[in-house]
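Asker: Please read through the structure below; I'll follow up with questions.
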Amino acid sequence: MTYGPRRGRIPRPGRTARIVLCSFAGLMLLVGGAAAYTWHRLNHNITGVELGSLLTPAASATSDLNILVVGSDSRAGKNASRAGGGDDTGRSDTTLLLHVYAGRKKATLVSIPRDTIVDRPACTTTSGRKLTAREGVMFNSVYETGGAPCTVATVEALSGGLRVNHYVEVGFNGFAELMDALGGADVTLAKPIDDKESGLHLPAGKHHLDGQQALDLVRTRHGVGNGSDLGRIQLQHQFLTALIGRVAGGKLLTDPARLFDVADAATKSLTADSSLAHVGDLASLAYSMRGLGARDVQMVTLPAQLEQGDEDRLVPDAARVAKVWGALKADRPVPEDALSGTASGPNGIGQVVMPG
């Protein structure tokens, strides 16, 4: 089993959590009444969604935990300027199931390719509309049709009954503003990217990307790998590893003003289930995972193969998919033999670094 790469010493998350709390407490004492405004602003950034009995509360503060994270490609509001306008009915551009093991010191992140063919169970949308079950639909169409409730129900059905504890959704604008607040990202390209779909055009070599360019890069699929969603997921995993390391950096955590900018950006365009739709609830969840570091996260792509003759369709590898979900339901790391069935090649991105 291989966890995230070691690119140098990463501060222990327990220390990280204490620095964050102390910095925030100090900031509150220094600015007095402005602290109330800060707290209100961050809370106001977050949108809540009621999922009720679809979610299963965690048994304890250190029990295993499943968080479904969705990146929506909706063009509504500020997302339109980030994605070129168009239909404001979003699909799940990126979907991640984060399984945090009991004790919350290690985790596995499973990317579900958006082009995967799945069976959508009967479900009820956020507006209360009841949808009948459908077989053989594209995974990313589930969000478009049924929103968060149907996405949760589909992931639970796809996993054979793995229960989701929390739901978090991020829009285009929120990701781009977060990247700008963090100072962008440095990438090295082994070959040029020329993707008219995402609007990203970069020659081979080293580049510093701002928030919009970073968004275009993590969304590109025709510019990396074999043009399927699999190469793009590899790239997203590289970005996530760099992002975790950057957020845990000491310079950020000891700069209250910069820390607020990052927190403000991170909560913009954020939708969370009602039990997380408050800064205090998010902080409590983060504190419960204080023993978790970037090197402790196993990155997994749900095993699938390209459908013959169609690079826009992925067929799940049933045997290996069962091993992935079986391991997580038993609260064990995903075995290596469950991962070798995912067809993907080099994505052409040599390195992703977020400067400190």
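The values are calculated or read from the model by the stated rules, or taken from the named source; none is laboratory data. Only a predicted model underlies this, so the values are computations on that prediction, with no experimental measurement involved. As a convention, Cβ positions derive from the backbone with ideal geometry for all residues, glycine included, and neighbour counts pool all protein chains shown. Remember, those area values only see protein heavy atoms, side chains included, never the ligands or the DNA or RNA. Shrake-Rupley method; radii C 1.70, N 1.55, O 1.52, S 1.80 Å.
Asker: Can you give the extra length, in nm with one decimal, that the chain gains between residue 53 and residue 318 once fully stretched, where that is 0.36 nm per residue apart less the Cα-Cα distance? Provide the component values of the computation, followed by the final result.
Answerer: Numbers: separation 265, 0.36 × 265 = 95.40 nm, distance 2.81 nm.
Going from the current span to full extension adds 92.6 nm.
Asker: Working with all protein chains in place, sort 246, 295 by solvent-accessible area computed with a 1.4 Å probe, largest first.
Answerer: Values: 246 20, 295 50 Å².
Putting 246, 295 in descending order of accessible area: 295, 246.
Asker: Using per-residue counts of other Cβ atoms within 10 Å, averaged over each peptide, order 52-60, 116-124 from highest down.
Answerer: On the way: 52-60: 13.3, 116-124: 18.0.
Answer by packing, highest mean first, reads 116-124, 52-60.
Asker: So for each of 199-205, 271-277, 230-236, 126-132 I average, over its residues, the number of other beta carbons within 10 Å; can you give me the resulting order with the highest mean first?
Answerer: Numbers: 199-205: 14.6, 271-277: 19.9, 230-236: 23.9, 126-132: 10.6.
Sorting 199-205, 271-277, 230-236, 126-132 by mean packing, highest first, produces 230-236, 271-277, 199-205, 126-132.
Asker: Could you tell me how many cubic angstrom of Cα convex hull volume the stretch 135-286 has per residue? Before the final figure, lay out the partial values.
Answerer: Details: hull volume 21.1 nm³, N = 152.
Spread over its residues, the Cα hull of the stretch 135-286 gives 139 Å³ apiece.
Asker: So, one more: Just to verify a number: what accessible area does residue 284 come out at with the full protein assembly present, 1.4 Å probe, Å² rounded to tens?
Answerer: About 80 Å², rounded to the nearest 10.
Asker: Separate question: Given points 7 Å out from each Cα along the Cα-Cβ axis, report the residue 43 to residue 60 separation in nanometres with one decimal.
Answerer: The modelled label-to-label distance comes out at 3.1 nm.
Asker: Can you give the local net charge around residue 264? Use residues other than it whose beta-carbon is closer than 13 angstrom to its beta-carbon, Lys and Arg +1, Asp and Glu -1.
Answerer: On the way: positive: 41, 258, 268; negative: 177, 180, 261.
Here the charged neighbours net out to 0.
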